[in-house]
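Have a look at the structure below, then the notes.
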Amino acid sequence: MPTKVTLIPGDGIGPEISEAAVRIIDAAGADIDWERHDAGMKVFADFGKPVPDSLLESIRRNGLALKGPLTTFVGKGFASANVTLRKELDLYANVRPVRTLAGIKSRYDNIDLIIVRENTEDLYSGIEHIIAPGVTESIKVITALASERIARFAFEYARKRGRQKVTVVHKANIMKVSDGLFLDSARKVSHEYTDIQFDDCIVDALCMKLVMTPERFDVLLLSNLYGDIVSDLAAGLVGGLGVVPGANLGDKCAVFEAVHGSAPDIAGKGIANPLAIIFSGILMLRRMGKDDIADRIRNAAFAVLKRGEIRTADLGGKATTLEFAEAIVREL
Ligand code: NAI
C-alpha cells in the first residue's frame, strides 16, 4: 500500500520546486500517494482563511506533509498561512540542518550546524494593536511550557545524534523577562543532560561569531524570531537559501519545507533551485523510516553537484529547475 502524504505545492516558485521534488521522490521508488492541497492566497477568497480545514484534516490523518513556500503579504492581508499551520498542528520544533555541501562553493568548508527554532510563540503570536495613531504594540509571548519543551527537544536531538553542545540564543540583557525566561528554561533543562555541553550567546554576538567562526557551534536553540533570522544567515554560510532544508515537528505530525520563501523575483521562470525542498523530502523519508531511499536520493544529488555540469543559477550554473531534477533522476 502506498503511504499517503499531504503535498502543499505553495506559491511563487513553490509549484516548480515541489514538482521537481515529487518527480525525484517518486523516481526513487518511495511509493507515496500524494494528496495535493492549496493554502494561503490561493484559497483565502474561497474559505475566508489561509488554511482550510480540509488541509489540516489531511495532515492530521497522514501525519506528514511536504510543503512549498507560501506568500505572506507585507504589512497587510491575512495572517501567515505558515504560522497558522505551525500553531494549529502544534508543530513546535523547527529543525534546520545547515551543512557545508560538497560541490557547492561557499566561504567555509566545515559547517555542521543544527538550528532548533521554537515555532509556536514569541513575536509570532500575532497579537498586535494600534494604541493610538502613530503608536503600536506587538506582544512577545514566551512561556515556560513552550520554552522547556523546545529546550528538551534540542537536548534530546543532540543526545540521539551524538552532538556535543547546545547553545541557547537570547537577548536577555535587554528583554530580561521574556528572553530571561527562555534562557532560564534552557538552563533548567540542561541540568537533565549533563552529557551535553551547554552555553548561551546573545543573539547579536552570535551573528558575528557565526560569520567569523561558525565551526564553534553545534546545536543552536532559539526562540521564534531569532530562529527565523539566524536560519537565513546560516543558509548564507553554506551556499544560500536554495540548499537548506527544514522540518516542522510536533508530537503527532510533521511538515517538511525549505527555509526559503516563495521567491517572487524568480517565480515562473523555472530557474529556482529545488535542492532545499529535495533535502526536506529526504528528512521526511527518514521520518518515514525509508532511509535507503533517502540515502539514494542524497547520493544522487551529491553526485550531480560534484560533477558540477548541471546546477541552477543561484549556484553559478545555467540549468533550469527541471533539468537539475532530471539529472538527479538519471543518476538514481
Ligand atoms: P525568499 O526566501 O522568498 O527569497 C529571498 C531571496 O532568495 C530571493 O532573491 C530569492 O530569489 C532567493 N531564493 C529563495 N529561494 C530560492 C531558491 N530555491 N532558488 C534560488 N533562489 C532562491 O524571501 P522573501 O523574498 O523575503 O519572501 C518572499 C515571500 O515568501 C514572502 O511572502 C514571505 O512571507 C514568504 N516566505 C515564506 C516562507 C515559508 O513558506 N515557509 C518562508 C520565508 C518567506
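The values are calculated or read from the model by the stated rules, or taken from the named source; none is laboratory data. Quantities reported herein were computed from a predicted structural model and do not represent experimental measurements. When we count neighbours, we look across all protein chains shown, and the Cβ atoms used for this are built from the backbone with ideal geometry, even at glycine. The accessibility values were calculated without ligands, DNA or RNA, using every heavy atom of the protein model including side chains. Shrake-Rupley method; radii C 1.70, N 1.55, O 1.52, S 1.80 Å.
Within segment 27-35, does at least one residue satisfy the condition of being surrounded by 17 or more Cβ atoms within 10 Å (Cβ to Cβ), over 30 Å from GLY308 (Cα atoms) and within 16 Å of the ligand (Cβ to nearest atom)?
no
Cβ-Cβ below 7 Å, separation at least six or inter-chain, first residue in segment 169-183 and in contact (Cβ under 8 Å) with a residue 12 or more places away in the chain, second surrounded by 18 or more Cβ atoms within 10 Å (Cβ to Cβ) and among the small types (Gly, Ala, Ser): which pairs?
ASP179/ALA172; LEU181/SER147; PHE182/SER147; PHE182/SER223; LEU183/ALA172
Within segment 49-68, restricting attention to residues that are touching a residue at least 40 places away in the same chain (Cβ under 8 Å) and open to solvent by 10 Å² or more (accessible area, probe 1.4 Å), which residue is nearest to GLY14 (Cα to Cα)? It would help to see each step written out before you state the result.
The initial filter retains those residues of segment 49-68 that are touching a residue at least 40 places away in the same chain (Cβ under 8 Å), namely 55, 58-68.
Next cut, open to solvent by 10 Å² or more (accessible area, probe 1.4 Å) only: 60-64.
Values: ARG60: 22, ARG61: 23, ASN62: 21, GLY63: 21, LEU64: 18 Å.
The residue in question is LEU64.
Would you point out which residue out of ALA263, ALA325 is on the phi > 0 side of the Ramachandran plot and hydrophobic (A, V, I, L, M, F, W, C)?
Working: ALA325 fails: on the phi > 0 side of the Ramachandran plot.
Just one listed residue meets the conditions, ALA263.
Does at least one position in segment 132-146 carry a residue that is buried (at least 20 other Cβ atoms within 10 Å of the Cβ), touching a residue at least 12 places away in the same chain (Cβ under 8 Å) and within 26 Å of PRO52 (Cα to Cα)? Outline the logic, then answer.
Filtering segment 132-146 for residues buried (at least 20 other Cβ atoms within 10 Å of the Cβ) gives 142, 146.
This time we only want the ones that are touching a residue at least 12 places away in the same chain (Cβ under 8 Å), so: 142, 146.
Narrowing the set further to residues that are within 26 Å of PRO52 (Cα to Cα) leaves 146.
For segment 132-146, residues buried (at least 20 other Cβ atoms within 10 Å of the Cβ), touching a residue at least 12 places away in the same chain (Cβ under 8 Å) and within 26 Å of PRO52 (Cα to Cα): present.
If you take just the strands (runs of 3 or more DSSP E) that sit entirely in segment 191-271, which of them hold at least 2 residues that are open to solvent by less than 50 Å² (accessible area, probe 1.4 Å), more than 12 Å from the ligand (Cβ to nearest atom) and farther than 30 Å from ALA325 by Cα?
On the way: elements: 197-202, 219-222, 247-249, 254-257.
In segment 191-271, 219-222 are the strands (runs of 3 or more DSSP E) which contain 2 or more residues that are open to solvent by less than 50 Å² (accessible area, probe 1.4 Å), more than 12 Å from the ligand (Cβ to nearest atom) and farther than 30 Å from ALA325 by Cα.
Checking the structure you have, find out if any residue of segment 283-293 is of a type in the set (Val, Ile, Thr) and either at positive phi or open to solvent by 30 Å² or more (accessible area, probe 1.4 Å) (or both).
Of segment 283-293, the ones of a type in the set (Val, Ile, Thr) are 293.
Then drop every residue that is not either at positive phi or open to solvent by 30 Å² or more (accessible area, probe 1.4 Å) (or both), which leaves none.
Within segment 283-293, none of the residues are of a type in the set (Val, Ile, Thr) and either at positive phi or open to solvent by 30 Å² or more (accessible area, probe 1.4 Å) (or both).
Going through segment 81-116 one residue at a time, which ones are open to solvent by 30 Å² or more (accessible area, probe 1.4 Å), out of contact with any Ser or Thr (no Cβ under 9 Å at 6 or more places or on another chain) and part of a strand (DSSP E or B)?
Within segment 81-116, ARG99 is the sole residue that qualifies.
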